[in-house]
């Protein structure tokens, strides 16, 4: 007797049975439908569970406490950078732009605009961050968390992703710029370090 422990085994058993018993056309139709459903579900699960820039910022503030808005922006940037390099995936989907004081996520800026120090934000849900992502963020915080916002800003100015985005936008030092720092440029530069 065959023991079936879960739905995957049941579906596999049915498909094998259909194939063996020469229901090949029906097998292919069922197989194609199952594959489509699987990919649709994977996409929905991945996109709905992906952390946002707010989730990451909230987690950083929870771990570090009060900090300047500029420092938070740089820690969010480095969290995205090292997630791309170490985990080979984006931490969040929101863009980061090459502003005059360094990389900034405009969506995050919109909620702290006009504030110098931050001790928390209302937006965001830390439960959207996976254990692996938290580990990446925590390593970033151990590396950069004690640095000043000015040190972090100066560092990003010396790195090519910010420089290249500013150059692409044809902006002078201190000029406003909303050119996106691409994840490809982050990955290329930081993975070579």
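For the pair residue 139 and residue 66, a Förster radius of 35 Å applied to the C-beta separation gives a FRET efficiency near 0.95, rounded to the nearest 0.05.
Quotient of the Cα radius of gyration of the range 86-193 and 2.2 N^0.38 Å, N being its number of residues: 1.12. With R₀ fixed at 22 Å, the C-beta to C-beta distance from residue 125 to residue 180 puts the FRET efficiency at about 0.35.
Only Cα pairs under 8 Å and 6+ residues apart enter the sum, and on that basis the relative contact order of the range 53-191 stands at 37 percent. Here the label points at residue 87 and residue 146, each 7 Å from Cα along the C-beta direction, are separated by 2.5 nm in the simple model.
Peptides 94-102, 54-62, 128-136, ordered by how many other C-beta atoms sit within 10 Å of their residues on average, highest first, read 54-62, 94-102, 128-136.
FYI, it's all coordinate maths here, none of it is from the lab. Just so it is clear, the structure is predicted and the values come from calculations on it, not from any experiment. Positions of Cβ are generated from backbone atoms using ideal geometry, with glycine treated the same way; all protein chains shown enter the neighbour counts.
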